[in-house]
1. Would you please name the residue that is surrounded by the fewest Cβ atoms within 10 Å (Cβ to Cβ), looking only at residues in the stretch 187-212 that are touching a residue at least 12 places away in the same chain (Cβ under 8 Å) and more than 19 Å from the chain's Cα centre (by Cα)?
2. Do any helices (runs of 4 or more DSSP H) lying entirely in the stretch 232-289 carry at least 2 residues that are within 11 Å of the chain's Cα centre (by Cα) and in contact (Cβ under 8 Å) with a residue 24 or more places away in the chain, and which ones are they?
3. Would you please list the contacts, defined by Cβ atoms under 7 Å and residues six or more apart or on different chains, that run from a residue in the stretch 292-308 that is assigned by TED's automatic domain parsing to the domain that holds residue 143 to a residue that is crowded, with 18+ Cβ neighbours inside 10 Å and not in a helix (DSSP H, G or I)?
4. Are any of the residues in the stretch 371-392 over 17 Å from the mean Cα position of the chain (by Cα), surrounded by 22 or more Cβ atoms within 10 Å (Cβ to Cβ), within 23 Å of residue 207 (Cβ to Cβ) and at pLDDT 90 or above?
5. Can you name every residue in the stretch 45-100 that is loosely packed, with under 15 Cβ neighbours inside 10 Å and farther than 29 Å from residue 373 by Cα?
6. Any residue in the stretch 334-357 that is without any contact (Cβ under 8 Å) to a residue 60 or more places away in the chain sitting within a Cβ distance under 6 Å of a residue that is assigned to a helix (DSSP H, G or I) and surrounded by 11 or more Cβ atoms within 10 Å (Cβ to Cβ)? List the pairs, counting only those 6 or more apart or interchain.
7. Of 396, 359, 407, which residue is in a helix (DSSP H, G or I) and surrounded by 21 or more Cβ atoms within 10 Å (Cβ to Cβ)?
8. Does the stretch 65-86 hold any residues that are in contact (Cβ under 8 Å) with a residue 40 or more places away in the chain and within 17 Å of residue 392 (Cα to Cα), and which are they?
């Protein structure tokens, strides 16, 4: 990028100042200053000092700890805000100060600059939350070890590792031979994956606005605000941030199809484990329609990922350890701690984790009537709550909840988006249609008898013909 723009460098402090000014100019409602929307914008801007303290405090431990405490404080504010969101019934449409064309241009320009930042920047000098070696060792963070290995391609230091001759390698051979590519190929693959994930995340945000908010301008505004956040200037190239965030957003996009949403949720849960705590909330949402399809898809995705881990593990012991890590068996481990819990007493994580588990279970019961709005806000609540006890840079994995938080800020009243009326029935899929054909017209009539208002025209005609035939056979 320096070849095009002389002495260009994406400085975190400069980005924080500019993003704050642009956010205020584009989104702040000056004629309604005392509004929840303005309070949300101020809270999003308030993340900046914490991120800067963590960035510049890498060599000064007390500044880094202060930065994490700042992020926890702002996160606690949004935790309360998100828990109160379901009771906020009045949600007036507060459009941005910039029209749709200006928002689109701003978003595209931000994408170009952030993409150049990913392609031109050197990997960081610190190994954090990655699988840095190829001998089978891993940090004990819950999730898929191979995913953390892929994340290490873009965040490992530039120093080349000493070459080891094949005859001296003591690690056992994997069930399937896996030849690791050279470092340039690794970096290229990692950066391609993270750019694709960021693009899918932004497209997902726009689609939520277009399909579920019935306002494409709202979706574009939410995507542009997400790009403006100071977090994006520092963590754009982190695979373990972007990929889970994109999958969670697309689970919201496809919420009307429980099978697709369940597959996405199972995939992201297999990658980083923590979305498993979303299951009580999502199962409660699908309780009246689509629950079995959703749970079946989640289980299928988890089993498939577990099978891949077993197939590519070097040995039986390694497969057992990696499966334990994928399902959260190392959740209480302190090994490889980075961030706030690196120097803090680890026993304090246990009560925080206990409160989080109670919160996850309680959101399956409250609110009793769940809609798309509560699904958005409560999912963001749980993924934000993970940050308080996540032992590896807890507080910095903001892509896991920020897209959902931004969508919650912009969302209209979604009380009519409940599972019974919004989720597509199973018989409308190809599996359901096949099952319906096998059952015959009587089963179809019985299904529509429960809810005749949702029956299609063809189904109502079929049901009427069936009743006419039945009446004619009963005549003497």
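The values are calculated or read from the model by the stated rules, or taken from the named source; none is laboratory data. Just so it is clear, the structure is predicted and the values come from calculations on it, not from any experiment. A quick note on method: Cβ atoms are made from the backbone with ideal geometry, for glycine too, and the neighbour counts reach across all protein chains shown.
1. Among those residues, the one meeting the criterion is 189.
2. Here the list reads 239-253, 258-272.
3. Pairs found: 294/286; 305/144.
4. No: the stretch 371-392 contains no residue that is over 17 Å from the mean Cα position of the chain (by Cα), surrounded by 22 or more Cβ atoms within 10 Å (Cβ to Cβ), within 23 Å of residue 207 (Cβ to Cβ) and at pLDDT 90 or above.
5. 56, 58, 59, 60, 61, 62, 69
6. 334/346
7. On the way: 396 fails: in a helix (DSSP H, G or I); 359 fails: surrounded by 21 or more Cβ atoms within 10 Å (Cβ to Cβ).
Testing whether each residue is in a helix (DSSP H, G or I) and surrounded by 21 or more Cβ atoms within 10 Å (Cβ to Cβ) leaves just 407.
8. Of everything in the stretch 65-86, those that are in contact (Cβ under 8 Å) with a residue 40 or more places away in the chain and within 17 Å of residue 392 (Cα to Cα) turn out to be 65, 68, 69, 71, 72, 75.
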